[in-house]
Amino acid sequence: MAGQIHGGFFVYLADESRRLIYVNNTCLRLFGCGTMEEFTELTGGTFRGIVYPDDRERILTSIREQIDDPDNNNLERVGYRIVRRNGVTRR
């Protein structure tokens, strides 16, 4: 099912490591990577590594607040920048 999603899609562990456990092909292409190995090298294999450095603390704080809010059903909605494999920054 996840392979049929048209947008970039990833799953990470909801613990301190935030280790990525799934990344779809659209997400790989978004980051300019041809393989999961290239993506892991670029991001360190973690959600933290996906997010542009200047956006990280804001995003991690927002996610924590959303998870702690009993009325939002744990849906994480955040916008942030990334750095592609070629060094280009994108929203």
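The values are calculated or read from the model by the stated rules, or taken from the named source; none is laboratory data. Predicted, not measured: the structure shown is a model, and the values here were computed from it. Neighbour counts are summed over all protein chains in view; Cβ atoms, including those assigned to glycine, are modelled from backbone coordinates with ideal geometry. In case anyone asks, the SASA skips ligands and DNA or RNA and just uses the protein heavy atoms, side chains included. Shrake-Rupley method; radii C 1.70, N 1.55, O 1.52, S 1.80 Å.
Quick notes on this one:
- Segment 21-55, residues that are open to solvent by 60 Å² or more (accessible area, probe 1.4 Å), of a type in the set (D, E, K, R), over 10 Å from the mean Cα position of the chain (by Cα) and more than 16 Å from ARG85 (Cβ to Cβ): ASP54
- Selection from segment 57-91 of residues that are in contact (Cβ under 8 Å) with a residue 24 or more places away in the chain and touching a helix residue (DSSP H, G or I) at 6+ places or on another chain (Cβ under 7 Å): TYR80, ARG81, ILE82, ARG85
- Of everything listed in (1) in contact with a Pro (Cβ under 9 Å, 6 or more places away or on another chain); (2) on the phi > 0 side of the Ramachandran plot, the single unmet condition for GLY32 is (1).
- Test: residue in segment 9-20 that is over 11 Å from the mean Cα position of the chain (by Cα) and open to solvent by less than 50 Å² (accessible area, probe 1.4 Å): no
- Here segment 58-91 is the region considered, the condition is being modelled with pLDDT of 90 or more and of a type in the set (Lys, Arg), and the residue that is least open to solvent (accessible area, probe 1.4 Å) is ARG84.
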